[in-house]
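Take a look at the structure set out below.
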Amino acid sequence: MKKKTPKRHFWRNFRFRIILALVLIGLIPFPLLFIFTIRSYESKMADKYLSSIKSSAHVLADRMAGDYYWTRQSSELTGMLSQFGNQYGGRAVVVDYSYTVIADSFGEYNDKTIVMRDINRAFSGRESGSYDRDGHFMRAAVPIYGTDGESVMAVLWTGVPTTFIDLIRNDTYDTAVMMLIATLIVIALLTYLLSFLLIRPWRRLGKTMNDISKGARDEELNIRTYNETTDISESFNMLKNRHEVLDRSRSEFVANVSHELKTPITAMKVLADSLVEMQDVPPELYQEFMRDIGGQLDRETAIIDDLLALVKLDKRSAVLRISEVNVNEMLENLIKQLGPLANVKDVSITLESHRSVTASIDEVKLSLACMNILENAIKYNNPGGSINVSLDAEEEHCVITISDTGPGIPAEDLAKVFERFYRVDKSHSGQMSGSGLGLAIARQSVEIQGGTIAIDSTEGVGTSVTIRVPLVVDSSSLESAGDKP
């Protein structure tokens, strides 16, 4: 069944999100700045206008106090108030200490009683003024003093419409709106351009990755516009190179294993065909051929067992069987088992136990690791060579070191010898028995118990492999080992 491609939504697009973020960054401050600027300008203009009204009112109040105009209704008083009101397009009223209107520039409130907060404040000797933005109105009240200059005898109150302030505010608002719209258009255009420039390296990154995935193996990522694209390029190139190495190793492994599996089958077919074609085969020759066929079957079984061992050591299928193990006795038994093979190769094996070591480990898996390393040390050793097995314990680990006097391993191959699909000397792969999986199995067997395995080698001198396994292995080591490459 074909896997359904996930639906691509435009709001998940990285470029869309960049544009949205930049537009929001531009949109939020500008309206706030616009409102703040209009209000600030309007407030300063109103304060200035109110201050002008108060100053003119003080001049008129001083004149009334000196000439006693406030003490009587007269055409002269009404004329002064009308002149003041006409100057500001509003109304002027004089109120005596009984809150009775002495004179009104409009002539409507004469002899009427008016009580206001502004008037009360002025009777206490303090001028007052306010701006009613919603009511489009501005009012002010100033005291009129008596002859002693201290007693407040009356109050001059004035109310002025703020039509001209509204007109200026509206004109300013219209201009600001046009500027805001123009600014937002510029921000949108710059944002679109900036998003294109910001996203371009990522598009190049994706295109190059796509080209490589389609088979452009010689191409490498080299997008260094940002630190992030540089890091991604370097990581991708490392992954690509690693994949190519693994791909080559797998191809070589398949070729090697195919050859290893085919060789015994070919040999068995030749022996079987020879027996079929020969008449009256002597029992001795028949037995010899059958022994050869059995040997080839054993070789085939060994290769298959190695492949199955790698599968069983995988995290998903491996099971640790922890038990108390005397590591000294385990190594002694392994050396005894490999004695015949060592004698055939004329290789001596010695065990150097620095102390008695008992560990809670999986004996089968540790034995498998040591067995594979010892077999390699024997098979690839020089005739008359030696192998030294050292056992010690340090802090919380059991340490096993296996050293041989073989030809050694080239320095460029040391980092790869534990890989599943890697063989050091490919020219001798057909001459040496085995699948070349021994060290890979050894590493998996050790790491799955939370241990480590390291190799040190010098060409012409020999090779030393060191295994460190916790003295007490717990189940968590299985998970941590499974996460390793």
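A short reminder: the numbers here are calculations on the coordinates, not readings from a lab. Small disclaimer: the values here were computed from a predicted structure and weren't measured. Cβ placement follows ideal geometry from the backbone for every residue including glycine, while neighbour counts extend to all protein chains displayed.
When a footprinting reagent is the concern and you count Cβ atoms within 10 Å, what order do Ile409, Ile322 take, fewest first? Spell out each step's value before the answer.
Values: Ile409 20, Ile322 16.
Least to most surrounded, the residues fall as Ile322, Ile409.
Using the number of other C-beta atoms within 10 angstrom as an exposure proxy, rank Phe418, Phe36, Phe137 with the fewest first. Numbers along the way, then the final one.
Numbers: Phe418 20, Phe36 10, Phe137 15.
Least to most surrounded, the residues fall as Phe36, Phe137, Phe418.
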Measuring from label point to label point, each 7 Å out along Cα→Cβ, what is the Asp392 to Asn170 span in nm? 9.7
What are the equivalent ellipsoid semi-axes of segment 77-117, built from the alpha-carbon gyration tensor (square roots of five times its eigenvalues), in whole angstrom, biggest first? 18, 10, 8
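What FRET efficiency would be calculated for the residue pair Arg321, Ser348, taking the C-beta separation as r and a Förster radius of 35 Å, to the nearest 0.05?
0.60
Of Lys379/Lys416; Lys54/Lys112; Lys214/Lys416; Lys262/Lys336; Lys336/Lys365, which ones are farther than 30 Å apart at the Cα? Show your work: numbers first, answer last.
Numbers: Lys379/Lys416 19 Å; Lys54/Lys112 24 Å; Lys214/Lys416 28 Å; Lys262/Lys336 32 Å; Lys336/Lys365 18 Å.
Violating the 30 Å limit, Cα to Cα: Lys262/Lys336.
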Bounding extents of segment 146-243 in its principal axis frame from Cα atoms, largest first in Å, are 105, 31, 14
Quick one: give the max-minus-min coordinate of the C-alpha atoms of segment 84-163 along each principal axis, largest first, in Å. 39, 24, 22
Measuring from centroid to centroid over Cα atoms, what is the spacing of segment 277-293 and segment 121-178 in Å? 130
Give a residue-ordered list of calculated ³J(HN,Hα) values for segment 327-340 (Karplus: 6.51 cos²θ - 1.76 cosθ + 1.60, θ = phi - 60°; whole Hz; x for Gly, Pro). 5, 4, 5, 4, 5, 4, 5, 5, 5, 5, 5, 8, x, x
How long are the three semi-axes of the equivalent ellipsoid for segment 42-188, computed from the Cα gyration tensor as the root of 5 times each eigenvalue, in whole Å, largest first? 38, 14, 12
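Report the extension gain between Asp134 and Asn110 in nm, rounded to one decimal, defined as 0.36 nm multiplied by the number of residues separating them, less their alpha carbon distance.
Working: separation 24, 0.36 × 24 = 8.64 nm, distance 2.82 nm.
Between Asp134 and Asn110, full extension yields 5.8 nm more.
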